[in-house]
Amino acid sequence: MSDFEDLLISDERDLSLDAGGFPVICSGRVSIGQDIKHRILESGLALLLIGERDPRKIAQIKNQILLLVDTDERVRPGTAQIVADNNDSGGYWLTATTMKYGDIQVTL
């Protein structure tokens with residue numbers, strides 16, 4: 001059993017339900033990744049990346065996101081990275097290594 005359990009949120013920002021209509025529980029790496037993604041979204045930093053064209057400002061925002069991720073005690077400090085999505089969507093991938101469950105990857 002995992003130390004971290006949460007309700008699974010879908011990409012549409014809604015509860016994920018099983019076939020019986022009950023909320024799906026996530027744990028471990030999935031729960032940590034979901035928590036980090038929500039923390040970034042709630043901070044407003046991901047919103048600042050939308051439409052930003054100045055490479056210096058983009059680098060500053062990415063650095064702020066990495067610092068935010070590093071404050072999570074479940075993530076190994078210094079392991080977080082942000083890379084651009086290669087399919088021209090303008091999005092980013094965040095990867096990091098958790099202390100207990102290995103690597104996580106979330107979209108921003």
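Any read-out appearing in this document is the output of simple, stated calculations on the displayed coordinates, not a laboratory observation. Treat the numbers as computed from the prediction; the structure is a model and nothing was measured. Cβ sites come from the backbone with ideal geometry, for glycine too, and all protein chains shown count toward neighbours.
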Cross-chain or 6+ apart pairs with Cβ under 6 Å, segment 38-60 first and without any contact (Cβ under 8 Å) to a residue 24 or more places away in the chain, then surrounded by 13 or more Cβ atoms within 10 Å (Cβ to Cβ) and hydrophobic (A, V, I, L, M, F, W, C): Leu45/Ile61; Leu45/Ile65; Leu48/Ile61; Glu52/Ile58
Selection status of Asp85, farther than 20 Å from Gly28 by Cβ and acidic (Asp, Glu): yes
Selection count where residues are part of a loop (DSSP other than H, G, I, E, B), touching a strand residue (DSSP E or B) at 6+ places or on another chain (Cβ under 6 Å) and farther than 12 Å from Leu108 by Cβ, scope segment 39-93: 3
Residues satisfying the stated conditions in segment 92-108, i.e. surrounded by 14 or more Cβ atoms within 10 Å (Cβ to Cβ) and without any contact (Cβ under 8 Å) to a residue 40 or more places away in the chain: Trp93, Thr95, Thr97
